[in-house]
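What follows is a short report on a single structure.
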Amino acid sequence: MPASRWCGIDGRYAGAAATTHRMDSSVISALTPVVLLIAIGAIAGRSSWISAAATKDLSNLVFYLLLPGLLFRAMGNVDIARLALTPVAAFLLAALSIFFGVLLLRGFNAKAAVLGIATSYGNIVMIGIPLIGLLFGPAGLV
């Protein structure tokens with residue numbers, strides 16, 4: 001069977017249309033709660049439901065306490081022997097290519113470095129981890 005006929009998610013044989021539809025619906029179902037949470041946060045911020053001081057406190061809570069806990073829990077379950085390094089290497093190659101591409105275009109200075117980091121990493125943790133968890137479950141977080 002041609003490789004294009006195998007569904008990468010569950011390994012079952014499927015036609016190209018069925019595979020595309022299954023992948024589209026799983027991506028949409030994983031993106032929906034993330035987009036809704038972002039929209040709720042944007043509405044809450046713009047309508048002053050949450051004050052500027054509370055926004056700072058919530059950001060500190062998430063970045064200094066909750067996020068490290070999530071990452072520690074996810075990485076605590078990693079079996080290094082079974083870890084596939086190809087996706088990690090592909091991500092790092094893409095991120096570094098974008099970072100150095102921005103440096104080449106904008107010059108080698110502090111402003112370009114900050115822009116390069118912002119461009120290459122973006123919301124990997126805040127959006128990437130929930131999407132991976134929703135799409136692939138706990139096994140995907142390793």
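The values are calculated or read from the model by the stated rules, or taken from the named source; none is laboratory data. All values reported here derive from a predicted model rather than from experimental measurement. Positions of Cβ are generated from backbone atoms using ideal geometry, with glycine treated the same way; all protein chains shown enter the neighbour counts. In case anyone asks, the SASA skips ligands and DNA or RNA and just uses the protein heavy atoms, side chains included. Shrake-Rupley method; radii C 1.70, N 1.55, O 1.52, S 1.80 Å.
Are there chymotrypsin sites (Phe, Trp or Tyr not before Pro) in segment 71-142 that DSSP marks as loop and that have at most 11 other Cβ atoms within 10 Å, and which are they? Let's see the in-between values first.
Details: sites: F72, F91, F99, F100, F108, Y121, F136; in loops: F108.
When the chymotrypsin sites (Phe, Trp or Tyr not before Pro) of segment 71-142 are filtered for loop state and at most 11 Cβ neighbours within 10 Å, F108 remain.
Given a Förster radius of 25 Å and the C-beta distance between F136 and L58 as r, what FRET efficiency does 1/(1 + (r/R0)^6) yield to the nearest 0.05? Intermediate results must be reported in sequence, preceding the final value.
Numbers: r = 28 Å, r/R0 = 1.11.
The pair F136/L58 has a calculated efficiency of 0.35.
All C-alpha to C-alpha distances of segment 74-142, sorted into 5 Å bins beginning at zero, yield P(r) values of 3, 16, 18, 21, 15, 12, 8, 6, 1 percent in whole numbers. Ordered from largest to smallest accessible area (heavy atoms of protein chains, 1.4 Å probe), the residues K56, K111 come out as K111, K56. Only protein heavy atoms count here; on that basis, with a 1.4 Å probe, T86 has an accessible area of about 110 Å².
Any idea of the accessible area per residue across segment 85-128, 1.4 Å probe, to the nearest Å²?
Accessible area per residue, segment 85-128: 71 Å².
Accessible area per residue was computed with a 1.4 Å probe on protein heavy atoms; R73 scores about 150 Å². Using a cutoff of 8 angstrom between alpha carbon atoms and counting only pairs six or more residues apart, the relative contact order for segment 80-141 works out to 23 percent.
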